[in-house]
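Everything on this sheet refers to the single structure shown next.
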Amino acid sequence: MGLSEEKLKETIRKEEAVSSVVRHRLDETYEKILNEPSLVKRKPRVRRQSFYVLVAVLMLLVITWMTPIGLATMNLLRFGEFTSERLKQEGFVKKGPSVAIDQKIEIKLLEHYADSQTLGLHFSIHLPKNSTLLSSDLEDYHLKFSIENQAKQTVIHFNSKNQVDSTKVDPIQSVQIDYSIDRATRTLELTYRLNTKDMEELPDLDDATLIVESISTNQQQELKQGENKLVIEQVSGKWEIPLKQTTSQFQPIPFYTTEDLENTTPSALAYPTSFVVTISEEFLKQTAPKPGDQSFQLKVNEQGNNQFYLPKKTKFKYKEGQKFLELTFDYSGYDQISEVVFVIEERESIPLSSE
């Protein structure tokens, strides 16, 4: 999935110069290498040329990974990387590819995963020569698609014509999209992470069918007052791809306080894709009377290093007449670690254990 040389050159031309900090560090490295005795004794000109090649490669990598296309590529490479051994061994991420062809365009679903909270999809799309989608002034690629269950009912739709069956509620609330295009090989890669609404769960997707209706992209434009017209390039068709994902296979793992506290204290559920902490309003008032946006953290010791996670979603819910705050953290260790620490306002640390 590497970017072509042509694309890298194009990216470099578009980007600003390397920051002064990076340039200063490169200069310092260059001085150290030139002062090495071995470089003076053995053909310094050749060594210097080799160094220039090395510096050029390093600068190219720095610039590339700092660009939007580079960051998107990193996200694509990280897609489906879960550290839990159980998730790896039992195949939480379903590998493909499943292939569908229409309009001379081949769409592969390379991998996908789902629990009750999140659906992840990784597409690789091969475009034909002279495709209008390969124009260099296009950006922000995306798909329109829906998912049908075994009964041919639409249970999920993403900007598609196929609306969810009237007896059901579309469970999707938000989506994260990353894309990378290599025009030299005519390959477009896209990843989707679709997250559920509050109080909703993903339906079971075993023997379901994903139906892609179109591939769209926007034309790059300079924003001018009164002339902000969005130009969209689109290819429509019908690509049907089978899904084999049982969302009930990996049930959430409960975590509880390890201290002898009342039932109002925090508890949590570890999903393969997230970690959800629930805390009562009564306990919250005692520990953080006026909590702010940065008041809550999840501290996880990973291989000897403490990693901190902020909540990506918060909501209040009611249970048996009592009000609770629910915080969702983007931590996907699942069963890898048996104890984590819930931190309130950087002063109240509450251990949570699955044992």
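The values are calculated or read from the model by the stated rules, or taken from the named source; none is laboratory data. Not measured: the values here are computed from a predicted model. Note: ideal-geometry Cβ built from the backbone for every residue, glycine included; neighbour counts use all protein chains shown. These area figures cover heavy atoms from the full protein model, side chains too; ligands, DNA and RNA do not enter into them. Shrake-Rupley method; radii C 1.70, N 1.55, O 1.52, S 1.80 Å.
Here are some notes:
- With 0.36 nm allotted per residue and the present C-alpha distance subtracted, the residue 176-residue 310 stretch has 46.5 nm of extension available.
- Computed label-point distance, nm, for sites residue 347 and residue 137 using a 7 Å Cα→Cβ extension: 5.8
- Extension gain from residue 256 to residue 339, taking 0.36 nm per residue of separation minus the Cα-Cα distance: 29.0 nm
- Working from label points 7 Å from Cα in the Cα-to-Cβ sense, the residue 102 to residue 197 distance is 2.7 nm.
- Subset of 104/238; 144/238; 104/161 violating a 19 Å alpha-carbon distance limit: 104/161
- In a reduced charge model with +1 at each Lys and Arg Cβ and -1 at each Asp and Glu Cβ, region 304-355 shows a dipole moment near 380 debye about its Cα centre.
- Solvent-accessible area of residue 193 with every protein chain in place, 1.4 Å probe, in Å² to the nearest 10: 40
- Whole-angstrom gap from region 118-140 to region 277-355, using each part's C-alpha centre: 39
- Under the convention that each Lys and Arg Cβ holds +1 and each Asp and Glu Cβ holds -1, the size of the dipole of region 85-155 around its Cα centre is about 260 debye.
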